[in-house]
Amino acid sequence: LSHSLIISTMAATISLGGKGSSLSSSSVYNVSAGVSQVRIDSSALDRLSTKNPQISQKSSFAIPQCLTVEEARASLAVLLNKLLLSASSSSAIRTDLPVKISESLNSKAEGFDFSEIDLTEGECTVLEKSCAPLIAICSVIDHKSSVLSQIVDAVAALSCEATKADVTSFSSLDSGDGFGDKDAIAVAGDLKVLLNGSKLVGKKEVEAVSKITRIHGRFRDVVKNVHAAVRVELNSSVKGGKFGSGSSGTGEALGATLSALSVAIKNTGECSFARAKLSFESVENEDLRNGLLSLFEKSGLDYESLKNAHKVAYDALFDEDYCKFAHFVNESLGAVYRIVGWEAVAAFFALKGGELFTEKSVDANEDEPKTDKKSDKKKKSERKAVLGKGTSLLLQFIKDMLLVEDTSAGDKVETLKHWVEKVLGLLNLEDRAFACFLDKVKEIVESNENRRLPKLPKGTRDFAKEQMTVREKAFSIIQDVFKRHGATALDTPVFELRETLMGKYGEDSKLIYDIADQVKLSHRKLLDGMLEICGVPPEKFRTICSSIDKLDKQSFEQVKKEMVEEKGLSPETADRIGTFVKERGQPMELLSKLRQEGSELLTNESSKEALEDLGIMFEALERSNCSNRVVFDLSLARGLDYYTGVIFEAVCKGAEVGSIGAGGRYDNLIGMFGTRQVPAVGMSLGIERVFNILEELQKQQKQVIRSTETQVLVSIMADNKLAEAAGLVSQLWAAKIKAEYLVSKRRSKHFDRATESGIPWMVIVGERELSEGVVTLKKVVKGSEEEYQGVPRESFVDQLLKLLSA
């Protein structure tokens, strides 16, 4: 809203022209609806010309006749703001015109005759070039559509339950790869909040429900674009003179922006209309259903009227009558408001209206009570039906609103009509109930938003205290191995730019982890030579490698189909690749086979060089007594762009988690980000997978996982002796003993703490120990009765150190 929003006892007053202030679409709408009055800021009046400039001829400007009263008043508000924004010492804009427009708006006049006023040249320029009517209607549309985007999801959520629709698609939009439709994902998130805990949804496939996220998401997106465009136009001045001559392009720009919104409005309305029809069909009480359908038909809303309104609007757009186009879009938006209102009516009465209607029927026929077993069963099933946490609050809000008035003495048909009108009022901006309904929707969505668990990025997890112990153990083993081999540590940023990663890994990169045994090993140059021999074009080497790397997961026929149909290889070339990639075996044995006289791999320089490198490496592995852990596998391709030499993958035998480590040689990667080429070998460890394996092993071996490394618990078995505990535990900490303390009279509490945390030793201080100035050392291990009483405080730390080291 404007910076200067003053609330008076009568109505809100919007101050225009003040320094640093701005006009918003909401303010324009409030003025147009007569909710707010306008006031010209004193600083703006000071800027207006006090001279007597030359009067020009009368202006031909007039507000278009086709506009509604609301749109005409909005036009005056925008024009007033444009006059104040354009005022300067040289603009020759007097106080007369702005003041008259302001008085006209505040008196709630429906129009303004510019032909009766003599204007200066500067004033004529602003009137004729401001595009005030177009910007004004766009402001009204901006406000209405922004508000509708906040409510339409809540009404749709009611329809999801009324139609018992399957909503599982709401949870499958966000794949975690960053390519999802953000607005559709946001809509799905709000719907899930509203439907959280519902037992009514998930029964059947409903097209009008499946479409909600994409249609409403697109509506949200376009509304934001309109808001951004209108905000600029509302607060820009009108340029006069030679720099302001000609068309400013405002009409074309706003026309293009509104055209997208017009389509989104039509789609939103049609989808809402379809859900409303389905909800009406879901009303079980036949009399109620017929009564509602009769009222709905009298409203005159249907598919054809929506489509025709859209066509009429586009005719005006093609005729370049942008003001009329905006007017028709505003009319279409009003129709969609009414449709969404009827959707709310249908969904409410399908879910809760039956109770109200039945109660009304009973009141009208109290002398002749009838029992219907079927209806009793239906009532019981209704009571058992569990609604969503958000939708149940909305339904209760509507029900409470209807029951405020006593309608027990009225006619049943008239009562239904009255109830329908009240529900429709929730979607009528001019109705007082509308603001309450909007606030309720915001309250529900925002309160549930706070209780949402933050979503974890793909490939990550949270670690509890016991799991952190296992994780730290895994890291310490890995670090020890690296340090034993002379490695040094460095730290890099947690975040990297996407383009940097794309440069490293390539656009076609996919890390494929597959179960195998031991360590799979190959050579990138061997693969390149093999592909060249088979007739694969060099530009397809990397993408074909990513296909080959799937052979442990898929059959060769599946991989061949991908290479031929998706990546453009000939079937003959794919078959030749198959003869190579099926080779797998013990390193030295397979190497000897590939080096045999007549081998095609020896005819290619790249593969020949790779075989020589592998020969040196396999000999080193033999000498290291670890070649039995290695498998030479020509199907290992590692789908990353930067490898230039040996590549490998490590797996844990028997664990269904895929590879736990992978890497290879890269000669050019460091040079991509530095001044010189530095050949290097790198690897990555799947620490999450290693962690899962360790966790599973501990479960199988029934090991107790300690979440702390505490060695000693200082147990003060007396109240108000915190200082005593602090003194003893500080001595232990000074001796580098891991210790914690507990002050409590309850003896069981101390032993429970020690056993649950796996703490091996306790330093016990009870009433006797306090009076004698000693401590008791007790070993808290199952089956052990080791205990040392009367240990002097001066020596208990030394004795504990000996016991712990033993």
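Every number in this text was worked out from the coordinates using simple rules, so none of it is lab data. This is a predicted model, so every value here is computed, not measured. All Cβ positions, glycine included, derive from the backbone under ideal geometry; neighbour counts span all protein chains shown.
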Checklist entry - Reachable aspartates and glutamates from K108, Cα under 19 Å, same-chain residues fewer than 8 places away excluded? => result E70, E71, D96, E430, D431
Checklist outcome for this item: Applied in sequence order to region 680-694, the curve 6.51 cos²θ - 1.76 cosθ + 1.60 (Karplus, θ = phi - 60°) yields integer Hz couplings, x standing for Gly and Pro, of 8, 10, x, 8, 10, 10, x, 4, 5, 6, 4, 4, 4, 5, 4
Checklist outcome for this item: Subtracting the Cα-Cα distance of K473 and K745 from 0.36 nm times their residue separation yields 94.3 nm
Checklist outcome for this item: With label points set 7 Å from each Cα along the Cα-to-Cβ direction at R623 and S43, the distance between them in nm comes to 8.3
Item to check | Residue order, fewest to most beta carbons within 10 Å, for H327, H418 | outcome: H418, H327
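Kindly put I215, I737, I135, I477 in sequence by how many other C-beta atoms sit within 10 Å of each C-beta, fewest to most.
Working: I215 22, I737 17, I135 29, I477 12.
Lowest count first: I477, I737, I215, I135.
Here are some pairs, K164/K417; K164/K561; K211/K560; K100/K307; K473/K779; which of them have Cα atoms lying more than 30 Å apart in this structure?
On the way: K164/K417 26 Å; K164/K561 42 Å; K211/K560 37 Å; K100/K307 41 Å; K473/K779 25 Å.
Where the Cα-Cα span goes over 30 Å, the pairs concerned are K164/K561; K211/K560; K100/K307.
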Next on the checklist: Please list, in order along region 539-550, the HN-Hα scalar couplings obtained from phi with the Karplus expression 6.51 cos²θ - 1.76 cosθ + 1.60 (θ = phi - 60°), rounded to whole Hz, x for Gly and Pro.
Outcome noted: 5, 9, 4, 5, 5, 6, 4, 5, 6, 4, 5, 8
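Order by neighbour count: I63, I616, fewest other Cβ atoms within 10 Å first, most last. Kindly include the intermediate steps, with their values, before the conclusion.
Values: I63 21, I616 9.
With the sparsest Cβ surroundings first, the list reads I616, I63.
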Checklist entry - Taking amide hydrogens as modeled 1.01 Å from N in the peptide plane, which residues meet the under 5 Å criterion relative to A12, leaving out close sequence neighbours? => result Q37
Checklist entry - What is the packing order of peptides 68-77, 312-321, 259-268, taking the mean over residues of other C-beta atoms within 10 Å and listing the highest first? => result 68-77, 259-268, 312-321
Item to check | For G661, distant residues with modelled amide H under 5 Å away | outcome: A650, G686
Checklist outcome for this item: In whole percents, the bins of 5 Å from zero upward hold the Cα-Cα pairs of region 695-748 as 4, 18, 20, 15, 13, 10, 9, 7, 3
Checklist entry - Considering only Cα-Cα distances, which of the following residue pairs are longer than 19 Å: K199/K277; K553/K653; K144/K224; K182/K224? => result K199/K277
Checklist outcome for this item: HN-Hα couplings for region 165-173 via Karplus (6.51, -1.76, 1.60; θ = phi - 60°), in whole Hz with x for Gly/Pro, come out as 7, 6, 10, 4, 5, 5, 8, 9, 6
Checklist entry - How much space per residue, in cubic angstrom, does the convex hull of the C-alpha atoms of region 657-793 take up? => result 196
Checklist entry - Full extension from K802 to E539: what is 0.36 nm times the residue separation minus their Cα-Cα distance, to one decimal in nm? => result 87.8 nm
